[in-house]
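Below is one structure, written out as structure tokens, with a few remarks after it.
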Amino acid sequence: MRTPKFLITLTTLLAVLTACGGEGGSGAGDVKVPDDPAQVKGDITYAIWDVNQQPAMQEVVKAFNQTYPGVKVSISLATFDQYFTKLKTQASSDNLPDVFWMNGPNFQLFAANKQLAPVANLADAKNYPQALNDLYSLDGTQFGVPKDFDTIALWYNKKLFADAGVAAPTAEWTWDDYKSTAAKLKTALGPKGIFATGDELGNQGNWYPAILSNGGHIIKDGKSGFGDAKTVEALQFWSDMVKQGYTPSAAQGADIRGRDRFFAGKAAMMWNGNWLVSAALKSPVKDDLAILPLPKAPSGDRKTVIHGIGNVMSAKTKSPEAAAAFLSFLGGKEAALIQAKAGAANPAYNGTQTDFVKSAPYALQTFIDAAAQYSEPYPVSKDTAVWNKLETDLILPALGGDKPMSEVGAEVAAKMDEALGKEK
Amino acid sequence: MKSDGRWPWLFVGPTFAGVLVFYLWPLGKTLYDSFTEIGPFGGSTWVGAENYSRLVADGEVYRAILNTVVYTAIVLLGIPLAVVFASLMNRPGLRFAMVYRTLFFLPYVAMPTAISLVWRIIYNGDYGVLNQALGVIGIDGPTWISTEWFALVAVGLVGLWMSIGFNLIVLSAGLKGIPSELYEAAALDGAGRLQQFRAITVPLLTPSIFFLSVITTIAGFQLFDMLFALLGPTNPVMPKTQSLVFLFYNAAFDNNERGYGAAVAVLILLVVGLLTLFQFRFQRRWVSYD
């Protein structure tokens, strides 16, 4: 039978997970980059989750081997949905990959539980945006080297605006302009089954930038910001967009993601990140797209979160020297340029973004300027994933509904504070 | 009686070791874990019955039980349907019987995830085939996979559709075991096809039907993969549609609460165990082995 096996597998997995657990200890200590590259030998594993970036990462390994011929790096790929589950399983049995990708929401969990080696000696923090260094430090210790970064901007479809006879967006737009233009777009394009916006009602792409622009906050001093009046106003803005039928509801979004509508020419604009550039270039509307800074909040302020992948190394790696050498190389200019030229990611290394900006005929500089001028760190705590789930479970279904966001926000805040209180 | 010595153990050994390592030990371990709190990277503390008192107080659990029961009930409807299909298909002289059998069985051998992706397209609110068809007769269909209750029914229907193939195989085997003299005798006595179906086919199929209802109930309570693939973990109605196993997955793997997850797993085991026990007790009333 197919299904019964599944439960057995899960329970076995559960049992195996817990059976081999032990308290973390720091085996790697304060590692340093070895002096003589030729003397460094070892087999190490590098875990990543993005298949689109795999070719570029292989290029990086090849370049690394020119200097360090004695180190064999195997790339291990798992899809994002399973990536962190797999890592936690591996960590429980002291089998973490030697070097691996990390993201903001999961970082503190791994760092606080002594799974990561400190990396301050391996890369110069000056080379990366401050917000990213902060994202990968815990209690003043640096545990991750920023790999790339993403910010949010306004994407729009020039052709659909022209078809609708509506004036194109400008960099001076406010939320009111966004809403009133959406109304016009809905009248003109709605009958053709085209949405005014393809916003996905996600935290990183939609609420966080809106909340921060409006002067609200998501988490501050270990307390939730979802009860804050400014935060609630920002959520209400998105709720209204859905209620008016400008933005697909969460239910409609579960059917077809907003970005898929946008890239199919079925939505005219959206707030989204620079990780979509390669998808945009492959879409049928690739020649009609343009990018502008996000619309401003009523106060005239504009903010985006900045997030990026970090390269980290296991505290218990069996080849600390080889892993340190590789991590240091990953954090360097050469590795950054390889990734930028491939259009794989927008590298975090200061001054290497030009190649990425040139990789598509859109105003990609907008994302770089956003990072430098009006970005705030991605909100995290010790166990971010737990309250991220609260956000999706409670806020997402309520957007566009009759329940005022002040009630929803208060509920999220209460539950989130409870979760934050349990963090260790 | 003369002992057989050590030889029997040699033959039973491998299977026994497998059962011990992959079934019994994890079972015991899960039971133990359900009384502990386990950190995200291992290390457990004994917390007594705390996970269970939380389980009782957790409103999500009751909704998950209800959802699982509704899903199982829908899938169980596949058994009477399959009885009808099986007896139609086993009529002597039916042409293309092999074709029908293949068509019915195909969904069962296909991968649930792949099937889920196809059904996602069928159920799509704006462009899906289902709503297009409903539109023809003037019904404005919902966004099936993201509307409360509809989503659960949508998953249940796919589960039902997938289970028919397996049901048919079991029931066809059962039908083959019914002596044709019975039908001939009934026909001589003037019984019509429908009467034959009621008086001979169904009663003599009850052992197969009983087997299927036990298996289907157990499988129904383990609903997870289709929910995950058809609805998607971030679906807005997921909190109102999740099954018990989904709850377990969330606790153990998303929320890093493996002790609580283990308690949910024990609950699933208990519920399934009780239901199966009940079915075995109740079978005397309706299953005939003559």
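The values are calculated or read from the model by the stated rules, or taken from the named source; none is laboratory data. Fair warning: this is a prediction, and the values are worked out from it, not measured in the lab. A quick note on method: Cβ atoms are made from the backbone with ideal geometry, for glycine too, and the neighbour counts reach across all protein chains shown. Only protein heavy atoms, including side chains, enter the accessible area calculation; ligands, DNA and RNA are left aside. Shrake-Rupley method; radii C 1.70, N 1.55, O 1.52, S 1.80 Å.
Just to be sure before I move on: is A:LYS159 assigned to a helix (DSSP H, G or I) and basic (Lys, Arg) in the structure I sent? For A:LYS159, the condition - assigned to a helix (DSSP H, G or I) and basic (Lys, Arg) - is met.
Restricting segment A:93-111 to residues that are surrounded by 17 or more Cβ atoms within 10 Å (Cβ to Cβ) and within 12 Å of another protein chain (Cβ to nearest Cβ) leaves a set whose member that is nearest to A:GLN58 (Cα to Cα) is A:LEU96.
Before we move on, is B:TYR71 among the aromatic types (Phe, Trp, Tyr), under 15 Å from B:GLN242 (Cβ atoms) and surrounded by 17 or more Cβ atoms within 10 Å (Cβ to Cβ)? Criteria met by B:TYR71. Whenever a residue of segment B:9-31 is within 22 Å of B:GLY261 (Cα to Cα) and open to solvent by less than 70 Å² (accessible area, probe 1.4 Å), it has no partner that is part of a helix (DSSP H, G or I) and basic (Lys, Arg) lying with C-beta atoms less than 7 angstrom away and at least six residues away or across chains. Being part of a helix (DSSP H, G or I) and either at the interface with chain B (Cβ under 8 Å from one of its Cβ atoms) or touching an Asp or Glu at 6+ places or on another chain (Cβ under 7 Å) (or both) is the filter here; which residues of segment A:245-267 pass it? Residues satisfying the conditions are A:ALA250, A:ALA251, A:GLN252, A:GLY253, A:ALA254, A:ASP255, A:GLY258, A:ARG259. Looking at segment B:32-53 only, could you name the residues that are more than 10 Å from chain A (Cβ to nearest Cβ), open to solvent by less than 90 Å² (accessible area, probe 1.4 Å) and of a type outside the set (Gly, Ala, Ser)? Result: B:PHE35, B:GLU37, B:THR45, B:VAL47, B:ASN51, B:TYR52.
Residues that are assigned to a strand (DSSP E or B) and surrounded by fewer than 19 Cβ atoms within 10 Å (Cβ to Cβ) are absent from segment A:331-348. Exactly one residue out of A:LEU390, A:LEU420, A:LEU399, A:LEU394 is within 14 Å of another protein chain (Cβ to nearest Cβ), under 21 Å from A:SER213 (Cα atoms) and not charged (D, E, K, R): that is A:LEU399. The set of residues in segment A:62-76 being in a loop (DSSP other than H, G, I, E, B) and exposed (fewer than 13 other Cβ atoms within 10 Å of the Cβ) consists of A:PRO69 alone.
Does at least one position in segment A:227-240 carry a residue that is open to solvent by 50 Å² or more (accessible area, probe 1.4 Å), away from chain B (no Cβ under 14 Å) and farther than 23 Å from A:VAL412 by Cα? Checked segment A:227-240: no residue is open to solvent by 50 Å² or more (accessible area, probe 1.4 Å), away from chain B (no Cβ under 14 Å) and farther than 23 Å from A:VAL412 by Cα.
A:LEU201 is checked against (1) touching a residue at least 60 places away in the same chain (Cβ under 8 Å); (2) open to solvent by 30 Å² or more (accessible area, probe 1.4 Å); (3) within 14 Å of chain B (Cβ to nearest Cβ) and fails just one. What number does that condition carry? For A:LEU201, the exception is condition (2).
When segment B:78-105 is filtered for residues that are touching a helix residue (DSSP H, G or I) at 6+ places or on another chain (Cβ under 7 Å) and either more than 21 Å from B:ASN167 (Cβ to Cβ) or hydrophobic (A, V, I, L, M, F, W, C) (or both), the ones remaining, listed by number, are B:ILE79, B:LEU81, B:ALA82, B:VAL83, B:PHE85, B:ALA86, B:MET89, B:ALA97, B:PHE104, B:PHE105. No other residue among A:GLN82, A:GLN90, A:GLN53, A:GLN58 is open to solvent by 20 Å² or more (accessible area, probe 1.4 Å), assigned to a helix (DSSP H, G or I) and either over 23 Å from A:LEU116 (Cβ atoms) or more than 14 Å from every other protein chain (Cβ to nearest Cβ) (or both) apart from A:GLN58.
Can you pull out the residues in segment B:218-256 that are at pLDDT 90 or above, part of a helix (DSSP H, G or I), at the interface with chain A (Cβ under 8 Å from one of its Cβ atoms) and closer than 15 Å to B:LEU267 by Cα? Answer for segment B:218-256, where residues must be at pLDDT 90 or above, part of a helix (DSSP H, G or I), at the interface with chain A (Cβ under 8 Å from one of its Cβ atoms) and closer than 15 Å to B:LEU267 by Cα: B:ILE218, B:VAL245, B:PHE248, B:TYR249.
Residues in segment A:372-391 that are touching a residue at least 40 places away in the same chain (Cβ under 8 Å) and in a helix (DSSP H, G or I): A:ALA372, A:TYR374, A:THR384, A:ALA385, A:TRP387, A:ASN388, A:GLU391.
Residues that are in a loop (DSSP other than H, G, I, E, B), in contact with a Ser or Thr (Cβ under 7 Å, 6 or more places away or on another chain) and under 30 Å from A:TRP173 (Cβ atoms) within segment A:300-326 comprise A:ASP301, A:ARG302, A:LYS303, listed in sequence order. For segment A:105-148, a residue qualifies if it is in contact with a Pro (Cβ under 8 Å, 6 or more places away or on another chain) and more than 20 Å from B:PRO40 (Cβ to Cβ), and the qualifying residues are A:TYR128, A:PRO129, A:ALA131, A:LEU132, A:ASN133, A:ASP134, A:GLN142, A:PRO146, A:LYS147, A:ASP148.
Do we have B:PHE211 as buried (at least 21 other Cβ atoms within 10 Å of the Cβ), among the aromatic types (Phe, Trp, Tyr), within 14 Å of chain A (Cβ to nearest Cβ) and touching a residue at least 40 places away in the same chain (Cβ under 8 Å) here? Judged against the criteria, B:PHE211 is not a match. Against the criterion of being within 19 Å of the chain's Cα centre (by Cα) and under 30 Å from A:ALA38 (Cβ atoms), A:ALA372 does not qualify. Scanning segment A:165-187 for residues that are open to solvent by 50 Å² or more (accessible area, probe 1.4 Å) and of a type in the set (S, T, N, Q), we see that the one that is farthest from A:ILE291 (Cα to Cα) is A:THR187.
Residues of segment B:257-268 that are surrounded by fewer than 24 Cβ atoms within 10 Å (Cβ to Cβ), in contact (Cβ under 8 Å) with a residue 60 or more places away in the chain and assigned to a helix (DSSP H, G or I): B:VAL266, B:LEU267. Filtered by the rule that a residue be in a loop (DSSP other than H, G, I, E, B) and either under 17 Å from the mean Cα position of the chain (by Cα) or free of Cβ contacts under 8 Å to residues at least 40 places away in the same chain (or both), segment A:121-149 gives A:ASP124, A:TYR128, A:PRO129, A:TYR136, A:ASP139, A:GLY140, A:GLY144, A:LYS147, A:PHE149.
Scan segment A:363-392 for residues that are more than 22 Å from A:THR151 (Cβ to Cβ) and open to solvent by 40 Å² or more (accessible area, probe 1.4 Å) and the total you get is 2.
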